[in-house]
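Here the structure comes first, spelled out in structure tokens, and everything after it is commentary.
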Amino acid sequence: MSRLVITAVSGESKFLDIVFHLELFVSVIDSETGAPVTGLAADHFRLCSPVGMVYGSVISACTESTWNPANTEAAGCYTLNIAVSKDVEKQKLEWMEGEFYTFGIQARYTDDRQATHLGQTVVRVQSLGK
């Protein structure tokens, strides 16, 4: 098992608001090599949150960035859209504008040799709009 270094910040923007979603920007690197971990999908990330005790917090979208718009090289940086749902994914609920939300984020994957790689961090996000 090897350790991943996960860094996360709010990706919220008043200019690009996605209704019913909070946005996080997450970097994933291998702690041994320092190389970006590319090719991850939404199912490679897990969330925990105090909000999750009342409502289900789910990753509704995951997109990996490239280094430059004209470049196709994956950066190991991911935009995660987080939705809150009552009864997990059945009834979408809005995040409260101006409210802060705290999340634990874990990235985890198994490679071709069946070795597990994982890491986690925490982030605090403010909802900027509806």
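Taken together, the values in this text are just the output of simple stated rules run on the coordinates, not laboratory data. What you see is a predicted model; the values in this text were computed from it and never measured. Heads up, the Cβs are rebuilt from the backbone with ideal geometry, glycines too, and the neighbour counts pull from every protein chain shown.
Numbers below:
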| read-out | value |
| --- | --- |
| Residues Thr63 and Thr110, FRET efficiency given R0 of 30 Å [Cβ-Cβ distance, rounded to 0.05] | 0.85 |
| Packing-based order for 68-75, 34-41, using average beta carbon neighbours within 10 Å, highest first | 34-41, 68-75 |
| Residue exposure sequence - Ser27, Ser65 - by fewest surrounding Cβ within 10 Å | Ser65, Ser27 |
| Placed amide H near Leu128: partners under 5 Å, 5+ positions off or other chain | Gly98 |
